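Below is one structure; the comments refer to it alone.
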C-alpha cells in the first residue's frame, strides 16, 4: 500500500503592508479610513522604510514579515511619530527627545522671553 501525500496550502506570510491593508479594509467610513490610513502608513514607513509604490494608501510593494517586528520597534516608531507631531515646546522636547542640559539651555535662550530670534 503506497502512502498518499497531500500538499497543504498555506497562505502567504503576512507583511507589515498587507496587515495594514487588511485592517484598513475593515473600516467603513471614508473619513475614518483616511485618518487611520495616514497614521498607519506613517507607522509602517517608520518600521519598514517608505513604500516603493504610488498607491492610494502608500502601501504597495514588498515589506518585512509581520512576525519579524518586535514590540520594542513598534514602541520606538510610535514614540518617534508622537514626538514629531507634538507642539514644539520645551516640555515636549524633554519628554520625547531627551536633550542634553546644554541643548535645553540653548533652546530656552532661543525661545525665551525677550529673545530677538523668536518668531
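Coordinate-derived values only; no laboratory data. Not measured: the values here are computed from a predicted model. Quick reminder, even Gly has a Cβ in these numbers, built from the backbone with ideal geometry, and neighbours come from all protein chains shown.
Please work out the FRET efficiency for the pair residue 9 and residue 95, using the Cβ-Cβ distance as r and a Förster radius of 30 Å; give the result to the nearest 0.05. Once rounded, the FRET efficiency stands at 0.05.
The ranking of 21, 91 by Cβ neighbour count inside 10 Å, starting from the fewest, reads 91, 21.
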